[in-house]
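The values are calculated or read from the model by the stated rules, or taken from the named source; none is laboratory data. Since this is a predicted model, take the numbers as computed values, not measurements. Backbone-built Cβ (ideal geometry, glycine too); neighbour counts: all protein chains shown. For the accessible areas, the whole protein counts, side chains as well, though only heavy atoms, and no ligand, DNA or RNA atoms are used. Shrake-Rupley method; radii C 1.70, N 1.55, O 1.52, S 1.80 Å.
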Amino acid sequence: MVRNHPASCLALLNIEKKRRTANAVMTSDSEDFGLSGPLHLNSVDWTNFNHRRSVAASLVQGAYILERDRQEKRQGSQALAPPWWGFFHFKLIRQLVDDADSCVFGAIYEYTPPSSHCNDTIDRSPRYVIAFRGTINKPDSFSRDFSLDIDIIRNGLHQTSRFEIAMKAVRNVVAIVGDSNVWLAGHSLGAAMAMLAGKTMVKTGNFLEAFLFNPPFLSAPIERINAGNVKHGLRFASSVITAGLVLATKGNSQTSQSEDPFAVLSRWTPCLFVNPADHLCSEYVGYFEHRKKMEEIGAGAIERLATQHSLRDLLMKVVRRGGEAAEPLHLIPSAYLTVNLTPSLDFKRAHGIQQWWRPDLHLKHSLYKY
C-alpha cells in the first residue's frame, strides 16, 4: 500500500485551501458593489431608460445580498448589501421576510436624492421601489425558494404566504404615495412575484411601473429551435389547439371587452428583460413575435383568444372535467420587451441579474400592445 508523504498531504491541503479561498473571493466579488456594481452610473439620468434599468437591477441585487448577509452573519461594516442602494441615494425602509424560514426575499427602498439635484433630473425617478430577489442556491434558503419555484410551475404562487406578505407590502406603500410613485422590480422567482403583484394591483385600478428581469415563462422551449418555419408552425398549431379548447370549455358564451380581464390588464405595460440563451424566459420573445405574425396573416382572432390561455392549464381542466383553472401567471397582454442579444458564455450568465446593469449590452427593444 502506498502512503502519502506528509509533505504531499500538506501540499494537497494548501491547494484545497487556495481553491476554497478562490471560491470565496469569487462569491464576494459578485456581491461586492465596488467590484461588480455599475460604478459608471455616478450620475443617474432618470429620463434614460438604460439608467432606470441598471438602478432597478441593482436594487434587486441589494435584496439578494441582504439575504446573503443574513446567511453569512455579516453585520455593520462587514455587510455588503448597503452600497447596492446607497450608491443611488436610496434608503432601505424595510426588509421583506418570509414567515416560513425567516429568509429575506425582498426589500422596500425610498429614494432620498441630495438637495443639490435639480428637479428635472428626478422627474422619472420613483419615490419607493419594492424589489424581490430570485432563488438562492444556499441551504438556508434554497428549500423554501425551490418550493416556490414549484408553485410557479403549478400556477399556485398566488396561494403562498410569501406572496401574501409581498402583496400586503405593495398595497401599503401604494396607499401612502399612490401608484405613480412606486416601482416593482424582481429577478427570476422575484420577477414572477413582481409580475403577479403588478397584475393584482391592476385589478384595483393601480398601474405600477415594473422591471421584470428573466421572468419565467412556462412553455415548451420552442424558441430554442433554429428553423424559423418550424417554430412558426409549432406555435400556429398550439394557438389553434388552445383557441379550440377555450371555445369547447366555455361554449358559446361571449365576454365583453369591459369584462375581459386580459383587455383590462392590457393597459399595464411592464418592462420585461430576457436573454435568448436563458430557456427559462426566452419564450417571451416568441410569445410576442408570434402574436404579431398571427395578426399579419389574418389569424389575429385566433391568437387573441389563445394568447391569454395556457394550453397546459386547459388540458388539465379537461382531464379534471370541469373546475376553473387559475389565471396563468406568465401570460400578459402588453409589455415593453428588452432582449439582450449580447452572446452569453453559459446559462448562468444568461440568467443572472448581473448582466442587466452592464453599459455595453447589445439590446433590442420592442413595444407590444394587446
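Summary of values
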| item | result |
| --- | --- |
| Close pairs (8 angstrom Cβ cut-off, 6 or more residues apart or separate chains): under 16 Å from LEU280 (Cβ atoms) and without any contact (Cβ under 8 Å) to a residue 24 or more places away in the chain in segment 149-161, part of a helix (DSSP H, G or I) and not polar (S, T, N, Q) anywhere | ASP151/LEU157 |
| Given (1) open to solvent by less than 20 Å² (accessible area, probe 1.4 Å); (2) modelled with pLDDT of 65 or more, number of the condition SER310 does not satisfy | (2) |
| Test: residue in segment 76-96 that is in contact with a helix residue (DSSP H, G or I) (Cβ under 8 Å, 6 or more places away or on another chain) and β-branched (Val, Ile, Thr) | no |
| Residues of segment 126-148 classified as under 19 Å from PHE213 (Cβ atoms) and either touching a strand residue (DSSP E or B) at 6+ places or on another chain (Cβ under 8 Å) or in contact (Cβ under 8 Å) with a residue 40 or more places away in the chain (or both), total | 13 |
| Per-region count, segment 330-360, residues open to solvent by 20 Å² or more (accessible area, probe 1.4 Å), in a loop (DSSP other than H, G, I, E, B) and either closer than 25 Å to TRP268 by Cβ or among the polar types (S, T, N, Q) (or both) | 2 |
| Residue identified as outside any helix (DSSP H, G or I) and of a type outside the set (Ser, Thr, Tyr) among ILE152, ILE130, ILE165 | ILE130 |
| Meets criteria (under 29 Å from LEU363 (Cβ atoms), in a helix (DSSP H, G or I) and open to solvent by 50 Å² or more (accessible area, probe 1.4 Å)) for ASP29 | yes |
